[in-house]
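Values in this text are rule-based calculations from the coordinates and carry no lab data. None of the values given here were measured: they were computed from a predicted structure. Note that each Cβ is placed from the backbone with ideal geometry, even for glycine, and that neighbours are counted across all protein chains shown.
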Amino acid sequence: MKNIAWMTFIVMTVLLLSACGSKSASGGDSENSIDQSRVRVVIGSSSTGGDTYQNAEAVSRYLEDGLGTNMKVDAIGAVKAFDELSTAKDDGSTVMFFHDMAYLGVEYGSFKEENKLENWTIGPVVAINPGNAFLTSGDAPYDTLAESAEWLNENPEETITVAIQAGGVSEIVFDGYYLWAKEEFGTGVSDRINVYVTGSQEDKNQALWDGNADIIHGSIGSNSEYTKKGVEDKIKMKFLGVTASERVEGYDIPTMAEQGITVNGKEFTFDKEFFFLMPKEVDEEFATKLDQAVQEVVDMENYQEDLQKNAYITNYIPAKESTDYLLEKREEVNQIIEEAPDLDKIAQ
Amino acid sequence: MELIGILSPMSIMLCFLGVLIGIIFGSIPGMTATMAIAIFLPITYALDMIDSIGLLIGLYVGGISGGLVPAILLNIPGTPSSLCTTFDGYPMTQNGQGEKALKVGITASVIGGLLSLTILYFFAPLLASVAIDFSSVEKFLIIIFALTIIASISKGSLLVGMFSGILGVFISLIGTFADNNEMRLIPPGLEDQLVYGFSLLPVLIGLFAIGQMLIEAEEGMKPATHQNIELNKGEKSKFKFRVFKNQIVNLCRSSVLGTFIGILPGVGGSAASITAYSQAKSFSKKPGNFGKGEPEGLIASESANNGLTGGALIPLLSLGIPGDSTTAILIGAFLLQGIEVGPLFIPTNPDLWSGIIFALILANIVMFALMFFSIRYFAKIVYIPKYIIFPIIIVMCAVGSYAINNGVMFDVWTLLLFGLAGYIFMKIGIQIPPFLIGFILGAQCEKYFIDSLKGSGGDLTIFFTNGPVAIGLWVLIIAALAYAIFDNLRSKKNETREAA
């Protein structure tokens, strides 16, 4: 038994050393190298299966080489991630990676006001998940979001319930759909659109299968498997439209804009974008090096291929432009939020 | 030979390594299979998918199994799903049957794991299809059914046990209500720390480990206290496979229950072992021995929590829905490799599917071999004097609590706070196991209750009119409650008679 224990110990030690060796051997570009030997990347999601983790993990993996450091992605959830960032040192040893929910959560009241974008240094925008979408059951009497509202208009006895998560991307895109239906067909239709507020993607799927929701918010990455040929009718889904400004390559799903969905006369689209946040007074040199390293990473074919595996695309916006870009995007969604219905009133 | 064809020597070695590391994680209070998989997840990117599967499945099986060691030897559940293992495992250790208890637990674990694996292999798509027919109404009733165990494990006073359980449910509701993102029940000034409520692991090990240590510290620790425990006291304490002779039904029922509860997404592993334990007690010929060192209870708990491993993989591989928190992280491993997990996963990835099955078989066998034949060394923990082992356990608990949410200091304070609470609970008679069961199941109970009402438009009759499964579950709930009340009255009568 002692021999087995020793053998196991030796194998584990060799494996660990070889893993460490491969990290340190990768080295880094001397121009972009940073002082920290380890950077902690906290993300606004507590899931390691979602798009935030996948994007954070991919960009961190490639940035390690560029910055000559080790990066560790910690899925601790938005509130804790903001807390960590607010108490983090200014040397860049802790940064946050998240998506549009970072500011949508503040606007919808899910996150504290002190977490607003102005209180952080906004780093570069890195990627887009263009697959944000709405889905329905395979046998639903409509094939697009626009048709669902038309169907409600033609069937005054019917209602549609949409499963979304409160305070995030799914709420803003639902608001867009609701306001368009109201503008296009009047309150006679919009009053018959309800929401089923729930949490995870699994909960939304189950709500559809239970018949508690007619339409759910989802994504190509999470839901396309249920739309394929050969899937049992009971769980079969179909896409009603993607929320991004452009179609996703390889999928025949129209955008909301293509379906004629507008809000306040403008085409309604919403790109879910991922970006870095850093402490307000972060070391400028670190911020610059991170930005340069991200720029190099997004040009790498391997990185692009890795993102492509899950239907994500690179979308580099340099740090010096990203602040204005995101503040402008926030301003636009604010107008929608002001006009949007109170979920408490339309919740089922 | 097909095993070698599908699993490379590398994946077999990684599976072996995964089981070993998983057992270590499971054995350390505060560290879980979920944590082990989360830590190793980024490494899997550099490996082939089949090698990753070997490692991750090894960690999963090892992590779930390792929890029984501290549960049996130290009365500290290493993982939430080994909570019920403490009920009979630790009394067996105190009765001088520690080694036997460990071997019974390990054997029950491997049988539970292999049975659930068989169910996974032959019935995965069919069962997954049944699982999605379980709406929030049925899930709520299953949680209520699991909660009925509170009535049957309440020692002394049923009323106090129920109060403890309800207190646990109440504490579990502290935090943010997900449907409207409103915080509730949070003491002023602790909004930042309690935004997601108390974490389960620090509460669990605080109440069990720290609370118990405070009680023992109060009584004084003689240097040789632990050495008084014998691991093999007499011939009766020797482990023999014969102990399973009359336990075939219990083993099968508990493994199948564990597998089935694992299939239901969101219900979780703790509910699996709690329900199996409750059922074993209800069907037992000697229910009065439960909680006093009855191998039957230990077998039920351990076969159910390992039964969960195959069960939780069923919705994951047949529908793309994780059955528990650990399989939710496994999805991440697939996605990192660009593999979509969904309803067509099995037909479109036959090699990977076979690899998973072989990895599960291998992991269960390795787990059994590693634990069964080395357990006599593990078991020697009880010979370490308490004044040495207790500080080590406290440090491990603190490290585990700090690490469980990737470095949150408040979780360490939670550990100490609930340690103190455990000490007070024991002093004033609030029972810890019912409290914990309420705490573990409370939030899920609320979620499915609310979801059911959202689906029915607020109509409470939905719980009685949702179909035959709901009615069947009500019958089980009422029968379990009636039995618990009857059992409670009977034991009170016995006590009065003995006193007279």
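Structure data summary
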item	result
Diffusion constant of the range B:2-499 at 20 °C, which comes from Stokes-Einstein with the Kirkwood Cα-pair radius and 1.002 mPa s, µm²/s	94 µm²/s
Helix A:145-154 axis, angle to chain A major axis (alpha carbon atoms, nearest 10°)	20 degrees
In order through the range A:281-290: 3J(HN,Hα) via Karplus (6.51 cos²θ - 1.76 cosθ + 1.60), integer Hz, x for Gly, Pro	9, 4, 3, 4, 4, 4, 4, 5, 5, 4
Antiparallel bridge percentage (DSSP; both residues within the protein assembly as shown; nearest 5)	60 percent
Spread of Cα-to-Cα distances over 20 Å intervals beginning at zero, given as percent, for chain A	29, 51, 18, 2
Relative contact order (%) - criterion: Cα under 8 Å, at least six apart; region: chain A	25 percent
Reciprocal of mean inverse Cα separation for the range A:204-246 (Kirkwood radius, Å)	11.1 Å
Compactness of the range A:132-270 as Cα Rg over 2.2 N^0.38 Å, two decimals	0.96
Euclidean distance between Cα centres, the range B:270-311 to the range A:263-331, Å	52 Å
Nonlocal amide H pairs with A:GLY92, under 5 Å, H built at 1.01 Å	A:ASP283
Phi-based couplings in Hz for the range A:39-52 (Karplus 6.51, -1.76, 1.60; Gly and Pro marked x)	10, 9, 9, 8, 10, x, 10, 9, 9, 9, x, x, 5, 5
Gain on full stretching of the segment that runs from A:TYR325 to A:THR159 - 0.36 nm per residue minus C-alpha separation	56.0 nm
Residues A:THR52, B:THR32, B:THR79, A:THR87, sorted so that the one with the fewest Cβ neighbours within 10 Å comes first	A:THR87, A:THR52, B:THR32, B:THR79
Length-normalised contact order of chain B in % [C-alpha pairs under 8 Å, at least 6 apart]	28 percent
Within the range A:250-348, GluC sites (Glu not before Pro) in DSSP loop having at most 13 other beta-carbon neighbours inside 10 Å	A:GLU281
For the protein assembly as shown, convex hull volume per residue from C-alpha positions, Å³	166 Å³
Between the range B:447-494 and the range A:45-69, the alpha-carbon center distance in angstrom	45 Å
Which of B:ILE248, B:ILE142 has the fewest Cβ neighbours within 10 Å, and the rest in rising order	B:ILE248, B:ILE142
Under 12 Å, Cβ to Cβ, from A:ASN115 - net charge with Lys/Arg +1 and Asp/Glu -1	-3
The range B:363-428 versus the range B:150-195: alpha-carbon centroid distance in Å	24 Å
Shielding of A:75-83 by partner chains, average beta-carbon count, 10 Å	4
For the range A:200-348, fraction of C-alpha pairs farther apart than 17 Å, in %	74 percent
Computed E for B:GLU191/B:PHE244 - FRET, C-beta separation, R0 45 angstrom, nearest 0.05	0.30
Estimated 222 nm signal from helices in chain B, with DSSP H stretches of n ≥ 4 weighted -39500 (n - 2.57), rounded to 500	-23500 deg cm²/dmol
Magnitude of the charge dipole, chain B, Cβ model with Lys/Arg +1 and Asp/Glu -1, debye to 20	1900 debye
DSSP-loop trypsin sites (Lys or Arg not before Pro) across the range B:369-447, with at most 15 other Cβ within 10 angstrom	none
Highest-first arrangement of B:304-310, B:115-121, B:186-192, where packing means the average Cβ count within 10 Å	B:304-310, B:115-121, B:186-192
Residue exposure sequence - B:THR275, A:THR262, A:THR94 - by fewest surrounding Cβ within 10 Å	A:THR262, A:THR94, B:THR275
The range A:132-270 - percent relative contact order, Cα under 8 Å, separation 6 or more	36 percent
